[in-house]
1. How many residues, within region 276-308, are at pLDDT below 95 and aromatic (Phe, Trp, Tyr)?
2. From the residues in region 183-239 that are part of a helix (DSSP H, G or I) and hydroxyl-bearing (Ser, Thr, Tyr), which one is farthest from ARG4 (Cα to Cα)?
3. Which of the residues spanning region 291-320 are acidic (Asp, Glu) and under 15 Å from LEU243 (Cβ atoms)?
4. Of all the helices (runs of 4 or more DSSP H) wholly in region 15-116, which have at least 3 residues that are aromatic (Phe, Trp, Tyr) and at pLDDT below 95?
5. Return a yes/no flag: does region 174-181 have any residue that is of a type outside the set (A, V, I, L, M, F, W, C) and assigned to a helix (DSSP H, G or I).
6. Would you confirm whether any residue within region 198-215 is of a type in the set (Ser, Thr, Tyr) and free of Cβ contacts under 8 Å to residues at least 12 places away in the same chain?
7. Quick check: anything in region 170-192 of a type in the set (A, V, I, L, M, F, W, C), closer than 17 Å to TRP78 by Cα and in contact with a Phe, Trp or Tyr (Cβ under 9 Å, 6 or more places away or on another chain)?
8. Could you please find all residues in region 27-45 being more than 16 Å from the ligand (Cβ to nearest atom) and surrounded by fewer than 18 Cβ atoms within 10 Å (Cβ to Cβ)?
Amino acid sequence: MTTRDVRFPNHFLWGTATSAYQIEGGGTNTDWSRYELSEGTHAVEPCGPGCDSWNRYEEDLDLIVELGLNSFRLSVEWARIEPKQGFYDQEALLHYRKVLEACHVRAILPVVTLHHFTIPLWTADLGGFEHPDIATWMGEYAKVVGEALGDLIGIACTVNEPNIVALMGYLTGVFPPAQSSWERFSIVNRALRACHVAMRDALRATPGTYPIGLPLSMNEYEALPGGEDLVASIRHEMEDEYLRVVGDDDYLGVQCYTKIVIGPEGLVVRPEGELTEMGYLFWPESVEYTLRRAASFVDIPIIMTENGIGTDDDRQRIRYLEGALEGLGNVLRDGLDVRGYFQWSLLDNFEWTFGYRPKFGIVAVDRATFARTPKPSAAWYRNATSSFSY
Ligand code: BGC
């Protein structure tokens with residue numbers, strides 16, 4: 001257990017979330033970039049310039065101010081900070097200092113993720129999450145980030161959705177390194193839990209009083225007859241094993257999007273019901289469900305660090321967010337210790353293998369000029385968060 005003095009903001013956090021690779025552009029020194037540019041992968045197009053947020057971060061932050069939000073979840077790119085093993089790029093760290101300072105100047109609390117899906121090429125070339133030293137490497141990286149940026153971090157997230165990194169990279173084979181083995185999936189999950197602990201402990205040993213936690217992907221699951229055992233084993237690997245190691249963290253991040261239906265043959269790909277652009281079930285009820293499930297495991301504060309919908313129909317997004325905030329209100333009314341909600345995402349950004357087609361943003365981005373245009377859902381979110389009561 002930590003003896004570190006941890007300070008939570010004394011107000012509810014209303015924010016929006018992004019990740020470096022998906023918006024910054026120029027993340028060429030990563031496993032993802034190489035994957036997108038290789039033949040025969042699941043990636044439909046390369047990320048390229050993203051939303052050019054490496055250069056336009058002040059514009060993004062001004063939008064957040066206009067939206068009346070008090071916090072912003074962003075990530076720093078390991079491949080920029082440690083482009084070669086053991087070499088730390090001071091210019092990249094200085095850039096991120098400027099971004100975090102620009103948040104504080106605007107009274108926006110920066111929620112900083114240290115790892116969001118991408119790894120530097122050198123790490124991938126040495127075996128990535130299957131290398132026995134991966135937790136040591138990520139711990140060292142976290143120490144550097146803590147020392148360089150700790151005084152500016154509002155809240156830290158170690159590894160974004162480690163269970164998705166393991167699932168998509170090592171079981172379904174859709175993300176790099178495109179492997180498909182239950183055994184490797186399980187080994188990588190274990191490695192990622194060790195990475196989280198190493199990063200958390202490294203951050204705790206550096207200056208700062210900000211809370212540190214892990215943002216976990218959670219789902220509501222429905223088992224069709226014959227799918228019960230599979231649901232139990234998926235939940236065990238994807239959620240329960242993580243929820244058992246985060247009890248000593250300062251908070252837990254919960255991220256959810258939908259309900260997953262599992263039959264005896266596995267995942268039901270296009271389940272019956274209203275679907276989103278990603279082919280997911282339209283299921284804002286998952287917010288209430290996952291928050292309650294998380295709270296049944298842990299005794300630490302919870303933050304919903306991601307929730308949203310990919311859709312071209314902004315009215316559908318508003319309906320989704322309405323349902324999500326209703327669920328949030330229900331759990332707050334019941335006394336669950338939930339400290340914040342982060343809508344995914346501020347901008348229409350690079351949606352991994354799907355490229356730029358899915359639209360998760362409350363702000364549209366012109367792919368040619370990078371001009372940002374808030375959608376009606378942005379005004380809706382502003383209004384909903386400023387008048388929220390439960
Ligand atoms: C990830 C994001 C992604 C979002 C929507 C989350 O799993 O953290 O990077 O864009 O879901 O699919």
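1. Of region 276-308, the ones at pLDDT below 95 are 276-280.
Filter again for aromatic (Phe, Trp, Tyr), leaving 280.
Adding up the residues that qualify gives 1.
2. Here the residue is SER233.
3. Applying the first criterion (acidic (Asp, Glu)) to region 291-320 yields 299, 306, 312-314.
Once the filter is applied, which keeps residues that are acidic (Asp, Glu) and under 15 Å from LEU243 (Cβ atoms), region 291-320 yields only ASP299.
4. On the way: elements: 20-24, 31-37, 53-66, 78-81, 90-105.
Fully inside region 15-116 and qualifying: nothing.
5. Within region 174-181, the first condition is being of a type outside the set (A, V, I, L, M, F, W, C), and the residues that meet it are 176-177, 179-181.
Pick out the ones that are also assigned to a helix (DSSP H, G or I) and you get none.
No, because not a single residue in region 174-181 is of a type outside the set (A, V, I, L, M, F, W, C) and assigned to a helix (DSSP H, G or I).
6. As a first pass, look at region 198-215 and keep what is of a type in the set (Ser, Thr, Tyr): 206, 209-210.
So of that shortlist, the ones also free of Cβ contacts under 8 Å to residues at least 12 places away in the same chain come out as none.
No, region 198-215 has no match at all.
7. So in region 170-192, the residues of a type in the set (A, V, I, L, M, F, W, C) come out as 171, 174-175, 178, 182, 185, 187-188, 191-192.
Applying the additional criterion that residues be closer than 17 Å to TRP78 by Cα yields 192.
Now drop any that are not in contact with a Phe, Trp or Tyr (Cβ under 9 Å, 6 or more places away or on another chain), which leaves 192.
For region 170-192, residues of a type in the set (A, V, I, L, M, F, W, C), closer than 17 Å to TRP78 by Cα and in contact with a Phe, Trp or Tyr (Cβ under 9 Å, 6 or more places away or on another chain): present.
8. Just the residues of region 27-45 that are more than 16 Å from the ligand (Cβ to nearest atom), to begin with: 28-29, 34, 37-41.
Selection gives THR28, ARG34, LEU37, SER38, GLU39, GLY40, THR41.
The values are calculated or read from the model by the stated rules, or taken from the named source; none is laboratory data. Just so we're clear, the structure is a prediction, and the values are computed from it rather than from any experiment. Every residue, glycine among them, receives a Cβ derived from its backbone with ideal geometry; neighbour counts consider all protein chains shown.
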